[in-house]
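Have a look at the structure below, then the notes.
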Amino acid sequence: MTSPAGAQEASTPPIYSEKRLTLEVADVDRDTVPPGTPAAFEAAFGQAPRNEAVREIDGSTFTFVPLALIPLAGEKVALVSTGRSACTGHPCSGINAVHYLREVRARYEVEGEWSHVGATGTFGHPALRWGWSDAIADDPVLYTEGGGVWQGYACSRASLTALTPAGPLEIASIPVFFSNEGAMGEGDTSLEGTITSVEKGRSFTVTYRGSRTFREHYVRGEDGHYEVRGGTKVPSC
């Protein structure tokens, strides 16, 4: 916040402290149409019988459905949609799309569109879990989570995407689940991570529970991206 002209500058810097973060993360439900989304979805995708739209992107076919409307600054909203791929093989992934819209004379007008936003799953799935928060950064942050199983190793990652005025910008990628219980000859290791506290615009903490309990602290760099100092202790698949 800018001080009024002539105001005395503060003699000491502000004190920052982490606060507990309640980020509601839910399974993506592609069978339910969220209230308020049909008009925005038709503005973004055109006529959409049954609130579905089929699009070809990068040579692959995806079926999109609306997921959520997130309020933005400047009386805009972000429509988040998930696209299931027609390819259902293990290497195939779905797509998450974001459209920025403004309501003009009781109708929505599209002001920007982006695909390949956030985390996705295998077997043609888009994000498997999602949420959003205005407590992490100055702009609303979209949480998407996806993953899969590779030779008995199960992994999931979460992407934090800031919905900035210029468009969606990934600010962090976080391992949120690991298990080797399906791998032959391995010990049973299972870890699940949750964002538990945040220092808005500066850092956040992920707490892991399961086979062992520990915390990892993600700090915002000069480029705006958050990284855990020293690297994560969570194994990868």
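Things worth noting here:
- Residue 77, sole failed condition from (1) open to solvent by 20 Å² or more (accessible area, probe 1.4 Å); (2) closer than 15 Å to residue 126 by Cα: (2)
- Close contacts from region 198-220, counting a first residue that is more than 19 Å from residue 234 (Cα to Cα) and a second that is open to solvent by 70 Å² or more (accessible area, probe 1.4 Å) and among the polar types (S, T, N, Q), with Cβ to Cβ under 8 Å and a gap of 6+ residues or different chains, come to 199/17.
- Filter pass, residue 123 being among the aromatic types (Phe, Trp, Tyr), open to solvent by less than 60 Å² (accessible area, probe 1.4 Å) and outside any helix (DSSP H, G or I): no
- Every residue from region 187-237 that is among the small types (Gly, Ala, Ser) and closer than 24 Å to residue 149 by Cβ: 187, 190, 193, 210, 211, 231, 236
- Selected residue (criterion: least open to solvent (accessible area, probe 1.4 Å)) from residues of region 103-120 that are charged (D, E, K, R) and in contact (Cβ under 8 Å) with a residue 40 or more places away in the chain: 109
- Condition check for residue 65: touching a His at 6+ places or on another chain (Cβ under 7 Å), modelled with pLDDT of 95 or more, farther than 26 Å from residue 175 by Cα and of a type outside the set (D, E, K, R): no
- Residues of region 101-118 classified as more than 15 Å from residue 81 (Cβ to Cβ) and among the hydrophobic types (A, V, I, L, M, F, W, C), total: 2
- Test result for residue 97, open to solvent by less than 10 Å² (accessible area, probe 1.4 Å), more than 16 Å from residue 226 (Cβ to Cβ) and modelled with pLDDT of 95 or more: yes
- Residues that are of a type in the set (Asp, Glu) and in a loop (DSSP other than H, G, I, E, B) were ranked within region 130-161; the one that is least open to solvent (accessible area, probe 1.4 Å) is 139.
- Checked against the criterion of being closer than 21 Å to residue 129 by Cα and open to solvent by less than 40 Å² (accessible area, probe 1.4 Å), the candidates 26, 68 yield just one match: 68.
- Candidates 146, 131 - the one that is in contact with a His (Cβ under 8 Å, 6 or more places away or on another chain), touching a residue at least 40 places away in the same chain (Cβ under 8 Å) and closer than 18 Å to residue 26 by Cα: 146
The values are calculated or read from the model by the stated rules, or taken from the named source; none is laboratory data. If you're wondering where the values come from, they're calculated on a predicted model, not measured in any experiment. Counting neighbours? That spans all protein chains shown, and the Cβs are built from the backbone with ideal geometry, glycine included. What goes into the accessible areas is simple: the full protein's heavy atoms, side chains included, and nothing from ligands, DNA or RNA. Shrake-Rupley method; radii C 1.70, N 1.55, O 1.52, S 1.80 Å.
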